[in-house]
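Derivation of every value follows stated rules applied to the coordinates shown; laboratory data play no part. The model shown is predicted, which means the values in this text are computed figures rather than measured ones. In this analysis, Cβ positions are derived from the backbone assuming ideal geometry, glycine residues included, and neighbour counts consider all displayed protein chains.
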Amino acid sequence: MDSSQNKQVVMQAYGMYGAGDIKGVLGLCADDVCWTSPDVEQVPFSGQYNGHYEVGEFFASLAGTMDTIQFTPRDFIAEGDKVVVTGSARWHVKTTGAEFGSDWVHVFTLRDGKVVRFEQYSDTAAAQAAFRAAPQAVRSATELRH
């Protein structure tokens, strides 16, 4: 596949993710897909996931620990077997009540029209702080703002 076709596959994956169709996203991944982000203490879905089952577990952990406030892919840049996507997101951590946001970069590698590798780069310190926040401290800070 050429780079424009790879770009279309990745755009389709974001559309499916936005619609909550995780099975559809997994269907766009090769059986041996490697899904990776920096391993961050306190952030339960960080690290590396291999294959459909583990990547499904990644998405389950993401949904189980955070609510999406805003998730916006902006730029899709395709060259050869790579598609780089820039965007921003804002999340609410269920266990602490904290919110955090970050710009991000996702790098996809495709082979034969399927995602074989996903790499995520974002503000890991903000995520770690939000997962580490004490629920009481978050409530107190929220109360002070009102």
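Quick notes on this one:
- Qualifying residue in the stretch 77-89 (condition: without any contact (Cβ under 8 Å) to a residue 12 or more places away in the chain, touching a Ser or Thr at 6+ places or on another chain (Cβ under 8 Å), farther than 20 Å from GLY27 by Cβ and in a loop (DSSP other than H, G, I, E, B)): no
- Residue ID - farthest from GLY18 (Cα to Cα), chosen from residues in the stretch 29-77 that are hydroxyl-bearing (Ser, Thr, Tyr), surrounded by 15 or more Cβ atoms within 10 Å (Cβ to Cβ) and over 12 Å from the mean Cα position of the chain (by Cα): TYR49
- Residues of the stretch 18-28 satisfying the condition of being buried (at least 17 other Cβ atoms within 10 Å of the Cβ) and either touching a Pro at 6+ places or on another chain (Cβ under 9 Å) or outside any loop (DSSP other than H, G, I, E, B) (or both): ILE22, VAL25, LEU26
- Residue count for the stretch 78-95, restricted to those that are in contact with a helix residue (DSSP H, G or I) (Cβ under 8 Å, 6 or more places away or on another chain) and farther than 17 Å from ASP112 by Cα: 5
- Count of the stretch 95-135 residues which are part of a strand (DSSP E or B) and touching a residue at least 40 places away in the same chain (Cβ under 8 Å): 12
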